[in-house]
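One structure is given here, and the rest of the page talks about it.
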4 protein chains.
Amino acid sequence: MIIVMKPEASQDDVNQILARIEAKGLKPLHMPGAERVVLGALGDERILAELDLEAEPQVESVKPILAPYKLVSRELHPHDTLVRIGNATFGGGRFGLIAGPCAVETETQIMASAKAAKAAGATVLRAGAYKPRTSPYAFQGHGPDALVLLAEVGREVGLPVVTEVIESGDVELVARHADALQVGARNMQNFALLKAVGRAGKPVVLKRGMSAKIEDLLLAAEYVLAAGNDQLILCERGIRTFETATRNTLDLAAVPLLKAKSHLPVIVDPSHGTGIRDLVIPMALAAAAAGADGVMVEVHVDPPSALSDGPQSLYPDQMLALGKQLEALLVALGRSL
Amino acid sequence: MIIVMKPEASQDDVNQILARIEAKGLKPLHMPGAERVVLGALGDERILAELDLEAEPQVESVKPILAPYKLVSRELHPHDTLVRIGNATFGGGRFGLIAGPCAVETETQIMASAKAAKAAGATVLRAGAYKPRTSPYAFQGHGPDALVLLAEVGREVGLPVVTEVIESGDVELVARHADALQVGARNMQNFALLKAVGRAGKPVVLKRGMSAKIEDLLLAAEYVLAAGNDQLILCERGIRTFETATRNTLDLAAVPLLKAKSHLPVIVDPSHGTGIRDLVIPMALAAAAAGADGVMVEVHVDPPSALSDGPQSLYPDQMLALGKQLEALLVALGRSL
Amino acid sequence: MIIVMKPEASQDDVNQILARIEAKGLKPLHMPGAERVVLGALGDERILAELDLEAEPQVESVKPILAPYKLVSRELHPHDTLVRIGNATFGGGRFGLIAGPCAVETETQIMASAKAAKAAGATVLRAGAYKPRTSPYAFQGHGPDALVLLAEVGREVGLPVVTEVIESGDVELVARHADALQVGARNMQNFALLKAVGRAGKPVVLKRGMSAKIEDLLLAAEYVLAAGNDQLILCERGIRTFETATRNTLDLAAVPLLKAKSHLPVIVDPSHGTGIRDLVIPMALAAAAAGADGVMVEVHVDPPSALSDGPQSLYPDQMLALGKQLEALLVALGRSL
Amino acid sequence: MIIVMKPEASQDDVNQILARIEAKGLKPLHMPGAERVVLGALGDERILAELDLEAEPQVESVKPILAPYKLVSRELHPHDTLVRIGNATFGGGRFGLIAGPCAVETETQIMASAKAAKAAGATVLRAGAYKPRTSPYAFQGHGPDALVLLAEVGREVGLPVVTEVIESGDVELVARHADALQVGARNMQNFALLKAVGRAGKPVVLKRGMSAKIEDLLLAAEYVLAAGNDQLILCERGIRTFETATRNTLDLAAVPLLKAKSHLPVIVDPSHGTGIRDLVIPMALAAAAAGADGVMVEVHVDPPSALSDGPQSLYPDQMLALGKQLEALLVALGRSL
């Protein structure tokens, strides 16, 4: 429920309403704006109906939040939320470029790949320490050692780092080393993990599940925001369809649709979204043209030797080309990297 | 089979090889290039193997066409094919903008909508006379009368027209009135229709079927080319997936993928691809950024009154905005409308 | 609109109502039942509203047909429709077994395959004369010669025949030779073809399209019934999904769902539905257990030599086993082959 | 790698081979059979190649395991694995019936629902204590209290219980109260959870993910077996497709396909697989006819009041009818409940 206060409402009036919401066992929200204060109340609809705030003299209007997701919805929060990872900003017209290898393999590999990302204009470094793999016999990541290495390399090249966390028990450790936490597509509905990253106090990149509808993704994000963290970036990375010519089907229409429904920034991962190196640059440009707040791409100093995702990783010179083309495109659209 | 002749091969040598191919009951192809002549031979693989052209002194090399589609493949035809509809050109770096209402409804409606398209920079006018509709009780188009009206309006506003044909028996009539023939998504594997439009001598816009893989689309195009018509434009218009927030899932990665596999121009229909008016402009821009050779959009002088596809039709002022934004984007990418 | 007459209504009363319906330009339907007469009126909803039949003294009740498909709906026609192909009956508890090779290849092949089908208890023989193929270079069927041969073999083994028609222009010829017409999955929304088979006066087997929703299939059937033919069998044959281990995903839940929504018989094609020979028998049994009114399977005297669909064709001894197992299962379910 | 010993091989010979496998850092497997001993070796393919066991005099043959899943594959383990939950047996021709409400709601509700399940012939009781829900505001289960209650009710009605675990940290607690652990569709690729249930020493029911291919499901099972637990039942519960008339598309062809590829028992959940109460009985029967080793259905003493999954829960009298029909069908197929 959204409660718009009258312009003349005092802080006392506001506090009184918030107290009434809380007294009913509902969750109160306080959103002071330039012109007037907007309050929110979340919880059981029958109890919300009992609040009867329309009758309050300092309340201008009350309306329900129609979307099943509340905190995530633009209904409640009309302005763009800006998410900051280190010095990089996503949302509100700002575009972020996240790049790096699929996994931290060796010190040489991660350092060279990070430099390639940085040289191309990346604003955040990505690489995996824990890799969720379809087969138990596939490379599962180097774990805690990789976390330490990634953090060191990030400091050295001057980029904040984002890395995936795959279990709620690991959240604290990963949050100690990384600037942002990634929840992968396979874990988008691992609700225990979502709650844990919601409590961790670090920005979150939440990837859309392979069979997640737009609404499922927004409800997954709602778990994180409901746990107290609104520094969340939504990431479209392709859905599973009948088409086998690409690894997934990148659903770029999700970008303007998500941005219409939610105030959260939306980025695109064209590497997993296509699985084919030569499609990464055109799809990254397309994502920017569709209004994305950033892209996340895989780059590797030597893709053929990569322990995972080699076929979809850019070569360093392709990464450079991507940076330049993205910049030209963003300028044409009145934006900037 | 692709046969590359030596630079010094004479026309006589070429003719001799072509005659040998034909004598075996195979289809010979003659593709003279700037530096050397390339020949093709299509047909049963066992007979191809019997040709034994490697032994010919004027033949430099012989290689099989690996793709199941042959005439459509870039293997056989490395350069972009340019398709011309009236004065509009698609392919080879040229971008075409096809616009118009879903259907020809009334003279006033089609004229006003056509002018809105023209004003925004459209190079081809689209509108349906025959509408394939899921329900037998839905508006099925005004048929032959609509064809005549569309042609008149096209002449008056100075735009060539493309319109859908839904049955092989109608191809001749539609080809008499239209500058290009459209084969719709539901008919992409109506092979009788594909053969008929292949023989009609008019450019064809072939839309991808709702459940067609990339390869299915290219093989459907092969039916048209095999019938003697290489003036064909491939059109991505969204596939059917589990996502219901949009009418279809627009598969923009298909654009660079199709262009890698085929020499034919590729355009995108963001109106059917999304089904939502507000997503049409961002997805049209994304299509251009992904490398499409054009877009096809629905515009209607009064969308709420449209007999079909109202919710996905642009208003005239949105159409104007699209034209301007497309131009800015294409310039930034070093191309032009 | 469904109009239930009072038990005491006379034939004159009925005729009068039918005349009023017709006078409004609507389509009148007459469905005499054991206890009372039910009438129907189809057409534009606004005109239906003007009829005002509730006020008629001999009319007991009037209710709208809610489904977008009308003639096909159980709302209008609560009892099962029985469809007869030769002596075989589908629907109303009767189970039909359609079997035969994918295509008519040679006289020896079709005769031996037909005998294998007959020996296993098949009640209808199937085989294709016209094959809609994804590639223009694949075997397209032997056409009119195959039609003649199929009809002869059917007579000789004593089985009615069903065969696919792929173009409205061929309907008359195919109807002359076959006992029933099949509309294939790729043509499920070839509306010109649906109208033509609706007018042909022969039973129709309508296969679900690869990306057709249940409602799309019922609306496609509505085209045939609206053209005057209610001898139509719906056929589930698998839909296209992300799963690639089978050729299609056989949607058996469609069987009880279609039977709840429509009075038409529903059969299942487990050969195309799976594409794998060893899955055909279990899925045919599952179809019967799910309540299907029949199955259609591919059997070939020598599957490895088949010109099409060899990997999904049963061997004659598997066909025999299927017949026996189906019979045992149907008996257990209180039904019979 | 599969190593078949000669019939005359002694226990010493076998031990020697096992020691050589282990010495290389590979995982040795010992599978004594009626006629001869079969050994296995799992691990890095390059090291496997170095073993050179073909040269051993007591080794009859050596062949690679082609499937990416090893322990799960029938290649390595040709006979059916029997899984026992309490007195219920799944696999090897034995059919198990798991029934119960979606969630433990109240003592009255779970007791009455359990009695309805038992009366209908259920052999295992199911009910959720932890509910993974798409929305954070939906009922999430009563947690530990529900676990205790479920165990008590199971003892009282005389049925073993299976319940879902959604986080690796909860596995120990759930395993203390339940006879079997269920991993839900959303967690099928929660690899931390799979490893934890693999170590828990209780039978596991592993549900197929909404967008999981057959191979993905088998590889997820491989995680559990690789952690030391081969008491695992695979459960088909519907996949996500474009069809919206049912909650999911139940892929029954997965049953014979999984049983061909793996020795593990396969059951079907027609409740989640369809989401529609009236489709549950036909699809449960179809599952049995397709060769499933059991079904898992939702039954609730009062479905309209259910806190979750009401529309797909059977009424007690429907549950009774299902039990009787299943029994008749299984008898006809030469099997028994």
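Counting only other chain Cβ atoms within 10 Å of each residue's Cβ, the peptide D:188-199 averages 4. Copy-to-copy label distances for C:His79, where each label lies 7 Å from Cα along Cα-to-Cβ, are 5.6, 7.1, 7.2 nm in order of increasing length. Remark: label point of B:Met111 defined 7 Å out from Cα along the Cα-Cβ vector; separations to the same position in other copies 7.0, 7.5, 8.1 nm, ascending.
With contacts taken as Cα pairs under 8 Å and at least 6 residues apart, chain A reaches a relative contact order of 16 percent.
Given Cα pairs under 8 Å that are at least 6 residues apart, what percent is the relative contact order of segment D:137-258? Don't skip to the answer; put the middle values down first.
Values: 184 pairs, mean separation 21.7, N = 122.
Worked out over segment D:137-258, it gives 18 percent.
In sequence order, segment A:172-189 has phi-based couplings of 4, 4, 5, 5, 5, 9, 10, 7, 8, 10, 9, 9, x, 4, 5, 9, 4, 10 Hz under the Karplus curve 6.51 cos²θ - 1.76 cosθ + 1.60, θ = phi - 60°, and Gly or Pro positions carry x. A cut-off of 5 Å between modelled amide H atoms, ignoring neighbours fewer than 5 places along the same chain, links C:Ile239 with C:Thr249, C:Leu250, C:Asp251. Peptide C:135-141 is shielded by partner chain Cβ atoms: per residue, an average of 6 of them sit within 10 Å of its Cβ. Distance from the C-alpha centroid of segment C:237-291 to that of segment A:252-273: 36 Å, rounded to the whole angstrom. Taking each DSSP H run with n ≥ 4 as -39500 (n - 2.57) and averaging over every residue of chain C yields -10500 deg cm²/dmol at 222 nm.
Can you tell me the alpha carbon radius of gyration of segment A:2-63 divided by the globular rule-of-thumb value 2.2 N^0.38 Å? Provide the component values of the computation, followed by the final result.
Numbers: Rg = 10.6 Å, N = 62, 2.2 N^0.38 = 10.6 Å.
Segment A:2-63 yields a ratio of 1.01.
For the pair D:Val148 and D:Glu54 in one chain, pulling the backbone fully straight at 0.36 nm per residue adds 28.4 nm over the alpha carbon distance.
Can you pull the mean other chain C-beta count within 10 Å for peptide A:63-71?
1
Converting phi to 3J(HN,Hα) with the Karplus coefficients 6.51, -1.76 and 1.60 and the offset θ = phi - 60°, segment C:75-89 yields 4, 7, 9, x, 8, 4, 7, 9, 10, 10, 10, x, 8, 7, 10 Hz in sequence order, with x at every glycine or proline. Amide H contacts under 5 Å for A:Leu314: A:Glu298, A:Val299, A:His300, restricted to partners 5 or more places along the chain or on a different chain, H placed in the peptide plane at 1.01 Å from N. Pairs spanning more than 21 Å between alpha-carbon atoms, out of B:Lys131/B:Lys207; B:Lys195/C:Lys207; A:Lys324/B:Lys324; B:Lys70/B:Lys259; B:Lys213/C:Lys213; A:Lys195/A:Lys259: B:Lys195/C:Lys207; A:Lys324/B:Lys324; A:Lys195/A:Lys259. When both segment A:13-57 and segment C:298-330 are represented by their alpha-carbon centers, they are found 69 Å apart. Rg over Rh for chain A works out to 1.02, both radii taken from alpha-carbon positions and Rh defined as the Kirkwood radius. Here D:Gly201 yields copy-to-copy label distances, from shortest upward, of 3.9, 7.9, 8.5 nm, the label point defined as 7 Å from Cα along Cα to C-beta. Backbone amide hydrogens, once placed in the peptide plane, bring D:Val59 within less than 5 Å of D:Lys6, excluding anything fewer than 5 places away on its chain.
Please sort C:2-14, D:118-130 by packing, taking for each peptide the average over its residues of neighbouring beta carbons within 10 angstrom, highest first.
Numbers: C:2-14: 15.4, D:118-130: 24.2.
Sorting C:2-14, D:118-130 by mean packing, highest first, produces D:118-130, C:2-14.
Listed by chain and number, the lysines whose C-alpha is less than 18 Å from the C-alpha of C:Lys6, apart from same-chain residues fewer than 8 away, are C:Lys63. Relative contact order for segment B:82-141: 32 percent, from Cα pairs under 8 Å spaced at least 6 residues apart, divided by residue count.
Residue-wise HN-Hα couplings along segment D:47-61, as the Karplus relation 6.51 cos²θ - 1.76 cosθ + 1.60 with θ = phi - 60° gives them from phi, are 6, 4, 5, 6, 4, 6, 7, 4, 7, 5, x, 8, 9, 7, 7 Hz; Gly and Pro carry x. Fewest-first ordering of B:Tyr69, A:Tyr223 by other beta carbons within 10 Å of each residue's beta carbon gives B:Tyr69, A:Tyr223.
Computed from the coordinates by the stated procedures, all read-outs in this text should not be read as laboratory data. Here the structure is a predicted model, which is why all the values come from computation and not from measurement. With ideal geometry, Cβ positions are generated from the backbone for all residues, glycine too; neighbour counts draw on all protein chains shown.
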